[in-house]
Structure formats: structure tokens, C-alpha cells
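Presented below is the structure to which this report refers.
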Amino acid sequence: MKLVAGLGNPGPRYDGSRHNVGFEVVEELARRWKADALRFDRDYEALVGEAQSPVGRVLLLKPMTYMNLSGRSVSAVVRFYKLDAGSLMVVYDDLDLPVGQVRIRAGGSAGGHKGMADVISAVGSPDIARVRIGIGKVHRSDTVDHVLSRFAPDEREDIEQAVRTAADAVECWIAESIDVAMNRFNRRPSRDADAGRTRGEGPKRQGESS
């Protein structure tokens with residue numbers, strides 16, 4: 001069994017905020033897989049749903065602990081189901097990537113993301129697959145306001161495409177492997193793709209080489 005955890009903050013105040021794109025990916029996967037409705041589980045301090053992906057059973061998780069304590073929720077599920085780190089995928093926002101850019105990694109440090117840092121600490125391993133979605137960089141003093149803000153109208157289309165691309169990457173990880181997902185999705189847009197967007201042909205899959 002696999003566990004996909006999307007990170008964010010609970011409550012309507014944070015709906016649609018930059019910090020909550022991880023939640024949006026979990027919701028997209030739940031729609032695709034016709035998952036059980038995500039319900040609050042007190043033991044996990046999270047909204048949890050079970051889905052049957054095209055290749056097997058998957059748990060979908062939205063921690064309700066607030067971002068910086070996400071590891072408490074994720075690790076509770078990992079312990080209960082006796083999962084190893086290789087069965088876990090975490091999806092979250094990244095200030096260091098341009099808005100709408102998607103990057104997949106097999107593991108490593110949290111890169112300054114406090115939610116991911118808490119997951120690594122609680123699970124006890126940095127070898128956790130993750131999908132990062134760019135929300136745009138700002139001056140350090142403006143970071144808190146930025147991550148809790150909502151996307152501008154001209155950014156929303158790119159983010160909606162990024163959420164779909166991130167969900168595609170999660171499905172690829174489940175069906176094939178993290179290496180295949182990285183090779184397939186961590187690609188810079190071609191010049192032709194950029195030109196297509198300029199002509200108004202719509203957003204293309206974006207990524208970044210490892």
C-alpha cells in the first residue's frame with residue numbers, strides 16, 4: 001500500500017492559498033480515483049481517504065495539524081500501517097521554484113520547508129519521495145505573507161495545470177517508480193513549448209532537471 005500526503009493548513013482561511021497546493025493535489029487524486037470521502041480521523045489528526053488507484057490501494061492524507069507539525073500526522077499513519085519510507089510520497093509548495101513549475105525528488109533535505117522538515121524528522125528518514133510545486137520566490141521578509149496569500153488570477157491557470165501534472169507524477173510513481181517519474185517530469189520546457197504558451201496554446205508540463 002502507498003501513502004500520498006499533501007501538506008497544507010486546515011480551515012477556510014487557508015483554502016486556495018499558496019501553502020495549500022499539496023492539499024489540492026490530494027483532492028485531484030481523490031477525484032480521479034473516486035476515493036472514499038476524506039474524513040477526519042482523530043488518531044491521525046488528518047483527513048484520510050482510501051482509494052483504489054489503477055495499480056493498487058492508496059491512502060490519501062491531508063494533515064490537519066497545521067503545516068509545521070505535519071510529521072505528527074504522517075508518522076502516525078506510517079506507524080499504524082507499518083509502511084516504510086519508500087511507500088510514502090509527500091506533495092508540497094516550494095518558494096524556490098517559479099509559479100507552476102513541478103519537480104520530483106527521491107529524497108534529500110527539506111530545503112527550508114518546515115512542513116517537510118517535520119515529516120522527515122517524525123518518519124526518521126530523508127529518503128521520502130516528494131513532489132514540489134513552485135509558488136514563486138519573494139524577499140525573505142515577505143515569506144509568511146506570500147505563502148499564506150492566494151494566487152493572482154494570471155497565476156491560477158498555471159497552478160491548476162501544475163496540480164494536474166503533480167497528480168500525473170504521483171500516478172507514475174505508484175505505477176512505475178520514482179526514477180521513472182523524475183525522468184519523465186523533471187524536464188525544462190522546450191523553446192517550442194514556451195513559444196506555444198506565448199501564442200496562447202495553454203500551459204505545458206513544466207519541470208526542472210535534477
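Where a number appears in this text, it was derived from the coordinates with a stated rule and is not lab data. Remember, it's a predicted structure, so these values are computed and weren't measured experimentally. Virtual Cβ from ideal backbone geometry, glycine too; neighbours counted across all protein chains shown.
Derived scalar couplings between HN and Hα for region 125-132 equal 7, x, 7, 10, 5, 8, 10, 10 Hz in order, rounded to whole Hz, by the Karplus curve 6.51 cos²θ - 1.76 cosθ + 1.60 (θ = phi - 60°), x for Gly and Pro.
The phi torsions of region 133-148, fed into the Karplus equation with coefficients 6.51, -1.76 and 1.60 and a -60° offset, translate into couplings of 10, x, 10, x, 8, 9, 4, 3, 5, 9, 4, 4, 4, 5, 5, 8 Hz, rounded to whole numbers, with Gly and Pro shown as x. Amide H contacts under 5 Å for Ser53: Val58, restricted to partners 5 or more places along the chain or on a different chain, H placed in the peptide plane at 1.01 Å from N.
Magnitude of the charge dipole for region 2-198, about its Cα centre and with charges confined to Cβ atoms of Lys, Arg (+1) and Asp, Glu (-1), is about 240 debye.
Can you put Lys82, Lys114 in order, fewest other beta carbons within 10 Å first?
On the way: Lys82 8, Lys114 14.
Ordered by Cβ neighbours within 10 Å, fewest first: Lys82, Lys114.
Binning the C-alpha pair distances of region 2-198 at 10 Å intervals from 0 yields a P(r) profile of 9, 39, 38, 12, 1 %, listed from the shortest bin outward.
Express in % the proportion of alpha carbon pairs of region 1-110 at distances exceeding 19 Å. Summing the P(r) of region 1-110 above 19 Å gives 42 percent of all pairs.
Ranking Met89, Met1, Met64 by Cβ neighbours within 10 Å, fewest first, what do you get? Show your work: numbers first, answer last.
Values: Met89 23, Met1 11, Met64 20.
So the ranking, lowest neighbour count to highest, is Met1, Met64, Met89.
Most fluctuating residue of Ala152, Ala30, Ala117 in a GNM of the chain with Cα springs under 10 Å: which is it? Looking only at Ala152, Ala30, Ala117, the largest GNM fluctuation is found for Ala152.
For the chain, the relative contact order comes to 22 percent (Cα pairs under 8 Å, sequence separation of at least 6). Listed by chain and number, the lysines whose alpha-carbon sits under 20 Å from that of Lys114, ignoring those within fewer than 8 places in the same chain, are Lys62, Lys137.
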